[in-house]
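Participant: I'd like to ask some things about the structure below.
Nothing in this text is a laboratory measurement; each read-out follows from the coordinates by a stated rule. Source: prediction; values computed, not measured. Cβ coordinates were reconstructed from backbone atoms using ideal geometry, including for glycine residues, and neighbour counts include every protein chain displayed.
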Amino acid sequence: MKNGKLSVLVKGILKENPVFVLILGTCPTLATTTTVVGALAMGLATMAVLICSNVVISLLRKFIPDVVRIPCYIVVIAGFVTIVQMFMHAFLPELYELLGVYLALITVNCIILGRAEMFASKNKVLNSALDGVGMGIGFTIALVAMATIREVIGAGTFAGMEIPFMVNHTVDIFIKAPGGLMVYGFLIAVVNVITKGKVIKKKEFSCAGCPSAGVCNGGCKNKKEGE
């Protein structure tokens with residue numbers, strides 16, 4: 001039992017890292033990783049919403065009609081995003097301004113909706129909370145790793161603190177969109193080498209649980225899980 005819960009907690013850190021393995025949440029990943037502070041703030045805000053929404057959706061999973069589950073999940077997620085926004089606006093105004101529109105866009109972050117659909121709606125509260133923690137940690141680590149490379153090389157600073165031997169040898173492209181894509185691709189390749197590309201079972205990519213399976217034109221909904 002303990003090992004099972006531990007695996008739920010740690011899988012999001014590397015084995016099923018939402019950014020480098022599942023390739024989800026690309027928009028905030030590229031947009032908020034120009035600085036370490038911004039990346040850390042986005043990661044923690046997303047993790048808070050992920051944990052809370054997973055818990056509530058797990059509690060309500062037996063009461064939410066299947067045909068309206070996606071709108072219901074979005075309402076729950078939007079509620080927690082609003083709470084996080086209000087908290088940051090009141091107590092962390094600088095971070096609130098730094099994240100800007102991307103804070104509100106946590107509502108439609110596919111990592112959160114994906115975990116609600118694929119995990120929280122099918123598991124008990126504790127496991128759902130642990131899944132939120134693990135995925136949140138994995139997301140935060142991914143953002144901070146990208147931001148560290150981009151900020152150090154692109155701006156010659158780390159978390160806003162100047163690095164003497166780097167400040168006069170910066171490469172501006174790393175804090176721009178092309179640099180973000182390069183760093184993202186590089187880190188995906190590193191994770192793939194570390195895990196040898198065998199981090200997810202084939203059955204996890206089946207159509208079971210997919211909200212679009214009913215209207216999929218590829219006919220994959222008729223395949224057995226794991227094919």
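Participant: If N is the number of residues in segment 1-49, what value comes out of its Cα radius of gyration divided by 2.2 N^0.38 Å? Please report the intermediate quantities before stating the final value.
Facilitator: Working: Rg = 12.8 Å, N = 49, 2.2 N^0.38 = 9.7 Å.
Dividing the Cα Rg of segment 1-49 by 2.2 N^0.38 Å gives 1.33.
Participant: So which residue, out of Leu40, Leu98, Leu14, gets the largest mean-square fluctuation from a GNM of the chain using Cα contacts under 10 Å as springs?
Facilitator: Highest fluctuation among the options: Leu98.
Participant: So for segment 69-150, Kirkwood radius off the Cα pairs, Stokes-Einstein at 25 °C and 0.890 mPa s: how many µm² s⁻¹? All intermediate terms of the calculation are to be shown ahead of the outcome.
Facilitator: Values: Rh = 14.0 Å.
It diffuses with D of about 175 µm²/s by this estimate.
Participant: Still on this model: Sorted by mean Cβ packing within 10 Å, highest first, what order do the peptides 19-25, 79-85, 109-115, 165-171 take?
Facilitator: My ranking of the peptides, most packed first, is 109-115, 19-25, 79-85, 165-171.
Participant: Let me see the P(r) profile for the chain: every Cα-Cα distance counted, bins of 5 Å, each bin given as a percent of all pairs.
Facilitator: Pair shares across the bins are 1, 7, 13, 16, 18, 16, 13, 8, 4, 2, 1, 0, 0.
Participant: Hey, can you rank 50-59, 116-125 by average C-beta count inside 10 Å, highest first? If you can, show how the numbers build up before the last one.
Facilitator: On the way: 50-59: 22.8, 116-125: 18.5.
Going from most to least packed, we get 50-59, 116-125.
Participant: For a quick check: with amide H placed at 1.01 Å from N, whose amide H comes under 5 Å from Val19's, ignoring anything fewer than 5 positions away on the same chain?
Facilitator: Distant-sequence amide H within range of Val19: Leu24.
Participant: Something else about it: With respect to the cross-link table entries Lys5/Lys62; Lys11/Lys196; Lys11/Lys62, which display a Cα-Cα separation exceeding 18 Å? Numbers along the way, then the final one.
Facilitator: On the way: Lys5/Lys62 22 Å; Lys11/Lys196 16 Å; Lys11/Lys62 26 Å.
Exceeds cut-off: Lys5/Lys62; Lys11/Lys62.
Participant: On to the next question. Using a Gaussian network model on the chain with a 10 Å cutoff between Cα atoms, which of Gly43, Gly156, Gly12 fluctuates the most?
Facilitator: Gly156
Participant: While we're looking at this one, here's another question. Filter the DSSP H helices in the chain by two things, a Kyte-Doolittle mean of at least -1.0 and an axial alpha-carbon span of 30 angstrom or more, and list the hits by number. Mind showing how you got there, number by number?
Facilitator: Values: long enough: 36-60 (36 Å, 2.24); 69-91 (33 Å, 1.65); 125-155 (43 Å, 1.37).
Result, helices passing both filters: 36-60, 69-91, 125-155.
Participant: I would also like to ask the following. Check each of the trypsin sites (Lys or Arg not before Pro) in segment 1-74 and keep only those in coil by DSSP with at most 13 other C-beta atoms within 10 angstrom; list them in order. Walk me through the intermediate numbers first.
Facilitator: Details: sites: Lys2, Lys5, Lys11, Lys15, Arg61, Lys62, Arg69; in loops: Lys11, Lys15, Arg61, Lys62.
Those that pass, being in a loop and sparsely packed, are Lys62.
Participant: Next question. Long-range amide H contacts for Phe158: which residues qualify at under 5 Å (H placed 1.01 Å from N, peptide plane, sequence gap of 5 or more or a different chain)?
Facilitator: Those qualifying (amide H under 5 Å, at least 5 residues apart or on another chain) are Ile163.
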